[in-house]
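The values are calculated or read from the model by the stated rules, or taken from the named source; none is laboratory data. Owing to the predicted nature of the structure, the values given are computational and were not obtained by experimental measurement. For neighbour counting, all protein chains shown are included, and Cβ atoms are generated from backbone atoms with ideal geometry for every residue, glycine included. Keep in mind that these areas ignore ligands, DNA and RNA; they rest on the heavy atoms of the full protein, side chains included. Shrake-Rupley method; radii C 1.70, N 1.55, O 1.52, S 1.80 Å.
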Amino acid sequence: MSWNKEIEHSQIEHDRHSDDLNPNNDVYWEARGYEERPDDWEDRINNENE
C-alpha cells in the first residue's frame, strides 16, 4: 500500500520512506542534518518523546 494513494511508488521508494522514519537507520539521521546515526541516538529519541 502506498503512503500516497494517488501515486504509485517503487519498492525502493517504499524502502527509503521506511528508512526515513526509522531512527535506527542512518538515513533517518542524514535527513535531519547529521552525517550518520549518532552513538547516543537512543537517548536522543527517548528525550524527544518526553
Check your understanding: How many of the residues in region 27-36 are open to solvent by 80 Å² or more (accessible area, probe 1.4 Å) and part of a loop (DSSP other than H, G, I, E, B)?
Key -> 4
**Study point:** Pairs, first within 24 Å of H14 (Cβ to Cβ) and in contact (Cβ under 8 Å) with a residue 40 or more places away in the chain in region 28-44, second open to solvent by less than 80 Å² (accessible area, probe 1.4 Å) and outside any loop (DSSP other than H, G, I, E, B), C-beta under 6 Å, six or more apart
**Key:** none
Practice item. Quick one: in region 9-26, of everything that is in a helix (DSSP H, G or I) and polar (S, T, N, Q), which residue is most open to solvent (accessible area, probe 1.4 Å)? Key: Q11
